[in-house]
Amino acid sequence: MQKTQPFSSAVRTTAFSVCALLAATVLTACGAGDGGDAKAGKDGVSTLETGSPASDGKPGTSASSKTDSRRPQLRLDSSEEEIDKLDNAYNACLQSHGVPMNTKRAEMAGAKQAAPMQSMEIAKKYKPAYDACLVKLPRRPPEQDPAINPHYTDDYRTYVKCLTDKGMRIHMLQDEHGIATGWTYNDSKPSALSEAEQDKADKVCTKEAFSGK
């Protein structure tokens with residue numbers, strides 16, 4: 001299963017990956033401006049969720065635009081505490097609406113709030129829950145939104161180069177329009193970095209690539 005881009009906690013991976021699942025089945029409009037996770041899953045693929053771009057704050061999208069305008073907006077310098085607080089609020093909303101939660105993973109990580117289980121079947125079955133909680137799903141920083149940042153692909157290329165310079169064996173993926181859609185490992189072998197090292201590298205490279213510094 002494909003993962004999303006570009007934040008780095010296990011909770012964020014789950015929250016935004018499900019949004020990508022919903023978009024993939026044209027169940028809801030997550031939009032290119034939703035947040036995501038920078039860490040690839042065991043399949044070695046990390047991609048952006050690419051729901052309906054028109055839903056991401058563009059004119060003429062009625063209900064979806066109104067929902068987006070109410071969603072919390074992350075900043076590039078948002079602290080881990082801020083991000084975790086928003087993630088937990090979103091996941092708690094899903095849980096209150098009956099979405100199955102990955103409690104075992106939360107217990108192993110010592111997290112108080114579990115993230116939702118992930119599968120296409122769950123995404124379809126609990127679409128009303130995801131629709132109801134979408135207003136709580138944090139939006140990624142504008143710098144990491146290809147619909148807002150005109151230099152997004154160049155910045156993303158810099159981000160991937162930074163990761164490779166730190167030891168990750170990956171390369172960037174692009175769509176038919178040349179827009180960055182994520183990254184994948186160069187081969188079937190896992191990264192030479194540990195999960196903790198990848199997480200640290202992601203945080204450093206994200207700030208370096210997207211802050212314009």
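Give the distance, in whole Å, between the Cα centre of the stretch 116-132 and the Cα centre of the stretch 61-109.
14
Under a plain spin-label model, where a point goes 7 Å from the Cα along Cα-to-Cβ, how far apart in nm are residue 70 and residue 151?
Each label point lies 7 Å from its Cα, and together they span 3.6 nm.
If R₀ is 22 angstrom, what is the calculated FRET efficiency for the pair residue 85 and residue 109, using the beta carbon separation as r and rounding to 0.05? All intermediate terms of the calculation are to be shown ahead of the outcome.
Values: r = 16 Å, r/R0 = 0.74.
The pair residue 85/residue 109 has a calculated efficiency of 0.85.
Using the structure shown, list the pairs from 85/127; 66/104; 136/200; 136/207 with a Cα-Cα distance above 30 Å, or answer none. Before the final figure, lay out the partial values.
Working: 85/127 23 Å; 66/104 35 Å; 136/200 26 Å; 136/207 24 Å.
In this structure, 66/104 exceed 30 Å between Cα atoms.
No lab work stands behind these numbers, since they all come straight from the coordinates. Here the structure is a predicted model, which is why all the values come from computation and not from measurement. Glycine also receives a Cβ, built like all others from the backbone with ideal geometry; neighbour counts cover every protein chain displayed.
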